[in-house]
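Below is one structure, written out as structure tokens, with a few remarks after it.
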Amino acid sequence: MLKYIQPHLASAQERVRLAKVTRRGFLGTAGSFAIAAYAVPARAFDTYAVGGSDMPHGIIENPLIFVSIDADGTVTLVAHRSEMGTGSRTSLPMVIADEMEADWTRVKIVQAPGDEPTYGNQDTDGSRSMRHHIQVARKIGGSVRTMLQRAAAQQWGVEPTAVKVEMHQVTGPGGQSVGFGDLAVQAMAQPVPSHAEITYKTEDQFRYIGKGQVQITDLHDITTGAAIYGADVVLPGMKFAVIARPPVVGGKASSYDATETLAVPGVESVHELPYASMPTKFAPLGGIAVVASNTWAALDGRERLKIAWEAGPHGAYSSPAYMAEMIATSEQPGTVARNQGDFDAALAGAAKTFTGTYTQDHIAHIPMEPPAAIAHYTAEGLEIWAPVQSPYAARVDAAAALGLDPAKVKVNVTLLGGGFGRKSKADFVTEAALLSKAVGAPVRVQWAREDDVKHSFYHTTSAERIDVAMDAAGKVTGWRHRSVAPSILSTFAPDEGNVMPLEQGMGMSDLPFGVANIRCESGKALAHTRIGWFRSVSNIPHAWAIGSCVGELAAQLGKDQRAMWLELIGAPRVLDAKAAGLPDDFWNYGEPMSEFPIDTGRLINVLNIAADGIGYGKDLPKGEGIGLAVHRSFVSYVACAARVKVTGGKITVPEMHMAIDCGFAANPERIRSQLEGAAVMGMTVALHSGITFEKGAVEQSNYYDYDVVRSDNFPSVVTHIVSHPFSVHATGVGEPGVPPVPPAIANGLFAATGERRRHLPMGVDA
Amino acid sequence: MTTFTLNGVEREFGESEAMPLLWAIRDIAGLTGTKYGCGVGLCGACTVHVDGKAVRSCQATLGEVAGKSVTTIEGLDPAGNHPVQVAWRDRNVPQCGFCQTGQIMQAAAFLNETPKPTDDEILTAMSGNVCRCGCYQRIVEAVRLASTGA
Ligand code: FES
Ligand code: FES
């Protein structure tokens, strides 16, 4: 059984020293570096428990499902997770290839269709791909290598241990040598070895794992336009459809007139789709679909529809009024998510108090590729091509919508032009399925950008109130965090206005502070639109509130931000869940606390690395300031240090240092790209992303009123990756980078200008 | 009927002259490397070259390109080895990749006009191309690499 290496066993002194040594290394380059922060010995591969086995359909580890070897030696590996930019379609097969001693240049990757009974869970979200699958990828690779070894041993009449498998070649003690292709049939017929029967590679024998030299498998095709995304599949006889959806969730067309639409050359037919009411789950919103011989005719035809919409029960949703309500709710006691010590007593006995209320608008994901899907319904069944994060859920939903047995539905997964949680919800796939059946031909449904902005499953809006009690010496003695936000649950079940423990557990109830009295509460908020998960989920508003509050406390108490963070976090330790008053159903991202504890030593380490990296404390020109924030999410630890500068009346962030501890870094190059991307997306969240509602409908529609960070104002990012051996479990990467960024920018803005902003988005104007 | 040269080959399109070039390229000619991202000229995913200049194909109509020469990502270099494409791979620019054909077309036209740009010129030239994944840092490095070889 794996022994988790407690990083704080290495002395703080040593951590600082090592961080410093490596820092000198990156000064000379524009790139980023891995940081060897903890001296722990390499050890054998002992398996450990991960939450993957509790996911629907769990984890499949049969090598015969994932690996095949052709007679010419080509190794084909199945990628069963969706590729949306994190690199998992490359990185997981790379782990298999390394452990099986396959030559990467002779590896082919094929994408699995949506079929969880065969491949195991395929929900590509929650920063789970590497975290849940690195062990099984090693096991699959190790199994096949062992099977090759045994097949050769039988052929040559020698002991399997005398057979070497190296870079696609199998050699024997007497100089025998064959390639993988020659042994393929015999090897794949061997019984699959157990974990104990596999001699795993030691870490110094890794060729690809942990190295970062393997480029993403689609790189060439991406640069030539040959890569196939959702809308790029072309079927003979395919029709093109766009849909006018009700502006308010739960609304419908009371009447419509398509006369002018049908007169547009290329428009072939118009169909009314069934409407959804809340909780919608992932069902399409319904509306009027225009089917044409090309996308433009469909778009043009849609413009000419005359529709009278009925708003339904959510037509009064107005963001300013709703925000005022949430703030009022945050002033009242809520449902307790965590109770440690006695906050009320701390408050009553406080010499000083501080209250901060931090708010956030909704966010739409706007992946670069708006939703699109192709469906082909025939008497035999339904075939789909789509950029989906959860292909099996898409299959089950489409089957249900058409009254088909899921066995008659196939979902082919294309590349995703970004996902960020939007493409976990396959309403757009069901739309295509319904329309293909209606017109009796293959149909591609294309969402316009306006559709994407106006009909998302939105990141929640929230009001977060934090009350802090301090003693006469300015020591924080009590911390109460009240969060009010409509819940994701409202999309799935009749809404009672309560969030789920897993939302509370994303950065609020798991507060890693060494404060004696902590209480976390949630207030009720009824949803009036579809609430979904957006990259980092509830960690964004929680980290926003906590990180901003730490910045405000530092200013109040005349401390620097790093000192304030360090004081609040307290000593390096593993949080004792019981003593901390965490609920029994504390989520921990589905991972066992024993294997993935809350370790403040690792939090402190990344904070120091980012702060040292940017030179926190150094003198800066007037109008510039550095902000710090650190946050644990998806069982990883990420710190952001942002240098904010006001230029020409605009908030700019010329420099950012991101430090991540994600356990063992399987593909450091893609971890860096994720952190660079998280810095940009975090800055977009900080300055731009605000979806607001009026009369139940979204007010924004496209980049002119829902903009993003662009190349004229992006942060130059240095990424620091804490280096760990394999025995420190790989954790999440895709999501944990975002949450610390907005509060770091707000704290940096305050340092630069003395102005404190407490609402997201803050706006780009200084 | 509109006639123009598409990736070196003369083509006729029978669709309305008001059809945006983007949809003619994607849906009629079947070249899917050119992407739809916004339809309003604000993201750059649909960037192509018209007579060598970067153009948002969602904003140009078939009528406007009559008689001109249109190059899409598929026609930029027969083997995909235009210096910008090579630089993009060298710097591992893409994440999801969806914006990248537009970015590459923008960068290629820009470097054609401004072979040795300053960093500020690069930032400005590329600022109409959105990358939601946030690859900007590497995009700028790759443009620099394509222009200077380093
Ligand atoms: S699709 Fe043309 S600029 Fe966005
Ligand atoms: S790489 Fe995904 S949008 Fe640019």
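Points to keep in mind about this one:
- Here residue B:92 does not qualify as under 23 Å from residue A:226 (Cα atoms), under 13 Å from the mean Cα position of the chain (by Cα) and within 15 Å of ligand 2 (Cβ to nearest atom).
- Criterion (in a helix (DSSP H, G or I), more than 14 Å from chain B (Cβ to nearest Cβ) and open to solvent by less than 20 Å² (accessible area, probe 1.4 Å)) met by exactly one of A:745, A:721, A:660: A:745
- Within segment A:698-715, being facing chain B (nearest Cβ under 7 Å) and surrounded by fewer than 23 Cβ atoms within 10 Å (Cβ to Cβ) holds for A:702, A:703, A:704, A:708, A:710, A:712.
- Residue B:61 vs. criteria open to solvent by less than 30 Å² (accessible area, probe 1.4 Å) and touching a residue at least 24 places away in the same chain (Cβ under 8 Å): no
- Residue identified as on the phi < 0 side of the Ramachandran plot and in contact (Cβ under 8 Å) with a residue 60 or more places away in the chain among B:93, B:84, B:55: B:84
- Wholly within segment A:159-263, helices (runs of 4 or more DSSP H) carrying at least 3 residues that are within 14 Å of chain B (Cβ to nearest Cβ) and at pLDDT 95 or above: A:219-224
- Some residue of segment A:421-430 being touching a residue at least 60 places away in the same chain (Cβ under 8 Å), within 16 Å of ligand 1 (Cβ to nearest atom) and not in a strand (DSSP E or B): no
- Yes/no for residue A:396 being open to solvent by less than 20 Å² (accessible area, probe 1.4 Å), more than 16 Å from ligand 2 (Cβ to nearest atom) and among the β-branched types (Val, Ile, Thr): no
- Beta carbons closer than 6 Å, at least 6 apart along the sequence or on distinct chains, never pair a first residue in segment B:123-150 that is more than 7 Å from every other protein chain (Cβ to nearest Cβ) with a second that is among the hydroxyl-bearing types (Ser, Thr, Tyr) and open to solvent by less than 20 Å² (accessible area, probe 1.4 Å).
- Residue list for segment B:9-32, restricted to those being of a type in the set (Val, Ile, Thr) and either in a helix (DSSP H, G or I) or within 7 Å of chain A (Cβ to nearest Cβ) (or both): B:25, B:28, B:32
- Residue list for segment B:40-55, restricted to those being within 16 Å of ligand 2 (Cβ to nearest atom) and either in contact with a helix residue (DSSP H, G or I) (Cβ under 8 Å, 6 or more places away or on another chain) or part of a helix (DSSP H, G or I) (or both): B:43, B:44, B:45, B:46, B:47
- Hey, residue A:369 farther than 15 Å from residue A:479 by Cβ, assigned to a strand (DSSP E or B) and acidic (Asp, Glu) or not: no
- Taken together, the residues in segment A:615-650 that are surrounded by 24 or more Cβ atoms within 10 Å (Cβ to Cβ), in contact with a Leu (Cβ under 9 Å, 6 or more places away or on another chain) and either of a type outside the set (Phe, Trp, Tyr) or not in a strand (DSSP E or B) (or both) amount to 14.
- In summary, residue B:35 fulfils each of the numbered conditions (1) outside any loop (DSSP other than H, G, I, E, B); (2) within 16 Å of ligand 2 (Cβ to nearest atom); (3) of a type in the set (Lys, Arg) with the single exception of condition (1).
Rundown of residues vs (1) of a type in the set (Gly, Ala, Ser); (2) touching a Ser or Thr at 6+ places or on another chain (Cβ under 6 Å), yes/no style:
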site: A:128; (1), (2): no, no
site: A:134; (1), (2): no, no
site: A:137; (1), (2): yes, no
site: A:151; (1), (2): yes, no
site: A:156; (1), (2): no, no
site: A:164; (1), (2): no, yes
site: A:176; (1), (2): no, no
site: A:179; (1), (2): yes, no
site: A:187; (1), (2): yes, no
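- When B:84, B:93, B:40, B:48 are screened for being crowded, with 24+ Cβ neighbours inside 10 Å, of a type in the set (A, V, I, L, M) and within 16 Å of ligand 1 (Cβ to nearest atom), only B:48 passes.
- Residue that is nearest to the other protein chains (Cβ to nearest Cβ), among those in segment A:675-697 that are open to solvent by less than 10 Å² (accessible area, probe 1.4 Å) and farther than 16 Å from residue A:764 by Cα: A:677
- Residues that are surrounded by fewer than 23 Cβ atoms within 10 Å (Cβ to Cβ) and within 16 Å of residue B:53 (Cα to Cα) were ranked within segment B:107-121; the one that is farthest from ligand 1 (Cβ to nearest atom) is B:115.
- Pairs with Cβ under 8 Å, 6+ apart, first in segment A:188-213 and farther than 24 Å from residue A:64 by Cβ, second exposed (fewer than 15 other Cβ atoms within 10 Å of the Cβ): A:202/A:42; A:202/A:44; A:203/A:42; A:204/A:42
The values are calculated or read from the model by the stated rules, or taken from the named source; none is laboratory data. Quick caveat: nothing in here was measured; it's all calculated off a predicted structure. Counting neighbours? That spans all protein chains shown, and the Cβs are built from the backbone with ideal geometry, glycine included. To get the accessible areas, we keep the full protein, side chains included, count just its heavy atoms, and leave off ligands, DNA and RNA. Shrake-Rupley method; radii C 1.70, N 1.55, O 1.52, S 1.80 Å.
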